[in-house]
Amino acid sequence: MCGIVAAVSTRDIVPVLLEGLRRLEYRGYDSAGIAVLEPVDAKSELRRLRAAGRVAELAGQVQAQGLAAYTGISHTRWATHGAPTERNAHPHVSGGLAVVHNGIIENHEEIRARLKAAGSVFTSDTDSEVIAHLVAFNRKSSVSLLSAATQAVAELEGAFAIALLCESDPEAVVLARKGAPLLIGLGEGENFSASDVSALVQVTRRVIYLEEGDCAELRPGSVRIVDARGTEVERPVHVSEMTAQAVELGPYQHYMQKEISEQPGAVAATLETVIGAQSLQPGLFGADAEALFKDVSSVQIIACGTSYHAGMVARYWLESIARIPTSVEIASEYRYRDSVPDPTGLFVTISQSGETADTLAALEHARTLGYRATLTICNVPESSLIRQSRLRFLTRAGPEIGVASTKAFTTQLAALFLLTLVLARLRGKLDRHAEATYLQALRHLPAALQHVLAAEEKVAAWAKDFASRQHALFLGRGIHYPIALEGALKLKEISYIHAEAYAAGELKHGPLALVDQDMPVVAIAPSDTLLEKLKSNLQEVRARGGRLYVFADRDAPIGDEEEAVRIIKLTDHAGPLSPILHVLPLQQLAYHVALVRGTDVDKPRNLAKSVTVE
Ligand code: G6P
């Protein structure tokens, strides 16, 4: 989704803004822009450049125009209100004032009507433009840009992160945050702001996370923050662990390729604190975890996209190992549904970004329904979800840049398996022997993942068969049904092939009608108790001439390859951890199909990494 980078310094900040935007490209966007206050004689002049397209195009314009300045704001826009054209790209201006915005202003129509009547001239179809005119209007009667902004923000409804600057105060950038992420980066004699820390690792790792309702004023030598009530406040300074190297591509062609291959290390890092342990402690999930977990009567999991699939896998573990009733629901549905809550249950949100608007709203909704025990499993420290949940588990996947989630997913699964074991033990469902066996399996998991990755060449060979197809089916049973869903999601996200997943037992209730020699059918076929059932389903596909692509375990009693049945055997069956292994070749398949089709693997069209609007 939209990305913001802003800077104020005594040196030229244009290269910092452009590099920041490049580093935010992964969030997903369709246009980009920059506004700076260029010193001209003794004054400053607002200059703005925008491009409907990539940051590289904007950088080309910047170079051609020789833009240089000490104060600037910049933006990548993911279109919501208004097409992704240059006139809708941010920054939006009103006189000598410019603004960039992430989020949605819900009451933009009424503010627009009022400002139009007062003489403001609008030049875009966006909701964001009202902010520029509203602050400019307030500026006429307020003492500072900051007070004009705080006055405007009080009127805005919806979710937003905002950065603005104005010719009348050329050494200031003003910020506001409500419901969308924004942080301040502290430099020496210069200060910055960005949607996430990856945009700023090039200049600083010292950051302040703005809190809900905060406004701030950055100058080269100072930072002032006022809270929602207008009181000046101090916010803690954090030193981000993110390094510039962690967000570099290195020897890889794509971030997705890098991130798929990083999974053994990411899972090992996520499990690090428990790998040497004899037994699991609830404290892994936060200081209050034992007290809160002890009497929970059910688990409600809420998430979106790939994180939702992680929740679906966890339901099988939580019910079969911890014997606790578990429901899983998509956040955007849950938040508006009249559900029957179980306030004595554990409410779990899962998110790689920690900023997904629907998941945040679902958490808030759960609080109003009376849930006390809230836990988030998330990959971003200091994200909104982490801060708003009572308990938390931080996955240690490292920055995930590819829009299609890979290592965040497998680390979420590792975390959810730990949660299962902790709840199982507290509920008296796990004896010492079983716990030791599961811990041993977890210790072996990184090595098993490495082994599975080695099948890449064989998977890549299959990709050629898929690249020319319009459709594909994915089948799985039991705990591997969500893995089939995830495989189909990966394929459609990055190759744009229409892919559907079914619980294989449902095949004859509809999808079998689609099967013919042109329909590739991918089957996830681990050596579990459902293998024989799945084999019968596969016969149903073969009998209709469908082409089968089967991922099996090393020792699988599954027939030999033939023209219409291709099989890749991965590694030994991993028991309940099998879904964590079986998703890897599906990620590789999607990646290689996308390579053959020549799509933009890391930045698939229309998609965003961090979905900060509902
Ligand atoms: C977007 C991303 C997906 C992600 C989903 C949920 O659609 O492209 O990769 O699974 O949002 O995001 P979250 O950050 O909450 O896991």
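The values are calculated or read from the model by the stated rules, or taken from the named source; none is laboratory data. Quick caveat: nothing in here was measured; it's all calculated off a predicted structure. As a convention, Cβ positions derive from the backbone with ideal geometry for all residues, glycine included, and neighbour counts pool all protein chains shown.
Number of residues in segment 330-345 that are exposed (fewer than 15 other Cβ atoms within 10 Å of the Cβ) and touching a residue at least 40 places away in the same chain (Cβ under 8 Å) equals 1. Checking the stated criteria, Ser279 turns out not to satisfy the condition of being at pLDDT below 95, part of a loop (DSSP other than H, G, I, E, B) and under 22 Å from Glu400 (Cβ atoms). Among the candidates Gly53, Gly33, the residue that is under 27 Å from the mean Cα position of the chain (by Cα) and not in a loop (DSSP other than H, G, I, E, B) is uniquely Gly33.
Taking the listed residues Ala448, Ala484, Ala499, the one that is closer than 22 Å to Ser405 by Cβ and part of a strand (DSSP E or B) is Ala499, with no other qualifying.
Need pairs with beta-carbon distance below 8 Å; first residue at positive phi and within segment 390-408, second within 13 Å of the ligand (Cβ to nearest atom) and among the hydrophobic types (A, V, I, L, M, F, W, C); sequence gap 6+ or separate chains. Matching pairs, first to second residue: none at all. Scanning segment 213-244 for residues that are modelled with pLDDT under 95 and either basic (Lys, Arg) or under 20 Å from the mean Cα position of the chain (by Cα) (or both) turns up Arg229, Ser240, Glu241, Met242, Thr243, Ala244.
For (1) assigned to a helix (DSSP H, G or I); (2) aliphatic (A, V, I, L, M), each residue gets a yes or a no:
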{"position": "Arg542", "(1), (2)": "yes, no"}
{"position": "Val550", "(1), (2)": "no, yes"}
{"position": "Ile568", "(1), (2)": "no, yes"}
{"position": "Ile580", "(1), (2)": "yes, yes"}
{"position": "Val583", "(1), (2)": "yes, yes"}
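Given the criteria farther than 30 Å from Lys492 by Cα, away from the ligand (no atom under 16 Å from the Cβ) and of a type in the set (Gly, Ala, Ser), does Gly265 qualify? Against the criterion (farther than 30 Å from Lys492 by Cα, away from the ligand (no atom under 16 Å from the Cβ) and of a type in the set (Gly, Ala, Ser)), Gly265 does not qualify. Right, Thr420: within 14 Å of the ligand (Cβ to nearest atom) and of a type in the set (Val, Ile, Thr) or not? So Thr420 fails the test. In this structure, does Val223 turn out to be in contact with a Ser or Thr (Cβ under 6 Å, 6 or more places away or on another chain), assigned to a strand (DSSP E or B) and surrounded by 12 or more Cβ atoms within 10 Å (Cβ to Cβ)? No: the conditions fail for Val223.
Quick check, is Glu188 surrounded by fewer than 18 Cβ atoms within 10 Å (Cβ to Cβ), farther than 15 Å from Leu134 by Cα, out of contact with any Cys (no Cβ under 9 Å at 6 or more places or on another chain) and not small (Gly, Ala, Ser)? So Glu188 passes the test. Go through segment 508-532 and count every residue that is in a strand (DSSP E or B) and free of Cβ contacts under 8 Å to residues at least 60 places away in the same chain. Result for segment 508-532: 4. Taken over segment 346-373, the residue count meeting the criterion of being surrounded by 20 or more Cβ atoms within 10 Å (Cβ to Cβ), of a type outside the set (D, E, K, R) and either within 20 Å of the chain's Cα centre (by Cα) or under 30 Å from Ala266 (Cα atoms) (or both) is 16.
In this structure, Gly213 does not qualify as in contact (Cβ under 8 Å) with a residue 12 or more places away in the chain, touching a Pro at 6+ places or on another chain (Cβ under 6 Å) and of a type outside the set (Ser, Thr, Tyr). Taking segment 559-614 as the range and being among the basic types (Lys, Arg) and within 16 Å of the ligand (Cβ to nearest atom) as the test, the residues that pass are Lys603, Arg605, Lys609.
Take segment 523-552 and flag every residue that is buried (at least 22 other Cβ atoms within 10 Å of the Cβ) and either in contact with a Gly (Cβ under 6 Å, 6 or more places away or on another chain) or among the charged types (D, E, K, R) (or both). Of everything in segment 523-552, those that are buried (at least 22 other Cβ atoms within 10 Å of the Cβ) and either in contact with a Gly (Cβ under 6 Å, 6 or more places away or on another chain) or among the charged types (D, E, K, R) (or both) turn out to be Ile524, Arg547.
Filtered by the rule that a residue be over 16 Å from Ala89 (Cβ atoms) and touching a Leu at 6+ places or on another chain (Cβ under 8 Å), segment 41-58 gives Ser44, Glu45.
If you filter segment 354-404 down to residues that are within 16 Å of Ser240 (Cα to Cα) and of a type in the set (Asp, Glu), you find that the one that is farthest from the ligand (Cβ to nearest atom) is Glu382.
Listed here are the residues, each with its yes/no results for (1) of a type in the set (D, E, K, R); (2) touching a His at 6+ places or on another chain (Cβ under 8 Å); (3) over 26 Å from Gln412 (Cα atoms).
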residue	(1), (2), (3)
Gly545	no, no, yes
Tyr549	no, no, yes
Lys569	yes, no, no
Ile580	no, no, no
Tyr591	no, yes, no
Gly598	no, no, yes
Lys603	yes, no, no
Ser610	no, no, no
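Given the structure, is Thr374 without any contact (Cβ under 8 Å) to a residue 60 or more places away in the chain and among the polar types (S, T, N, Q)?
yes
Screening Thr273, Thr306 for residues that are within 16 Å of the ligand (Cβ to nearest atom), polar (S, T, N, Q), in a helix (DSSP H, G or I) and more than 21 Å from Pro341 (Cβ to Cβ) leaves exactly one candidate, Thr306. Being touching a strand residue (DSSP E or B) at 6+ places or on another chain (Cβ under 7 Å), touching a residue at least 40 places away in the same chain (Cβ under 8 Å) and within 16 Å of the ligand (Cβ to nearest atom) is a property that Leu413 lacks.
With the structure loaded, tell me whether Arg372 is out of contact with any Phe, Trp or Tyr (no Cβ under 8 Å at 6 or more places or on another chain) and charged (D, E, K, R) or whether it fails that test. It is true that Arg372 is out of contact with any Phe, Trp or Tyr (no Cβ under 8 Å at 6 or more places or on another chain) and charged (D, E, K, R). Scanning segment 312-319 finds no residues that are within 16 Å of the ligand (Cβ to nearest atom), closer than 28 Å to Lys178 by Cα, modelled with pLDDT of 95 or more and not basic (Lys, Arg).
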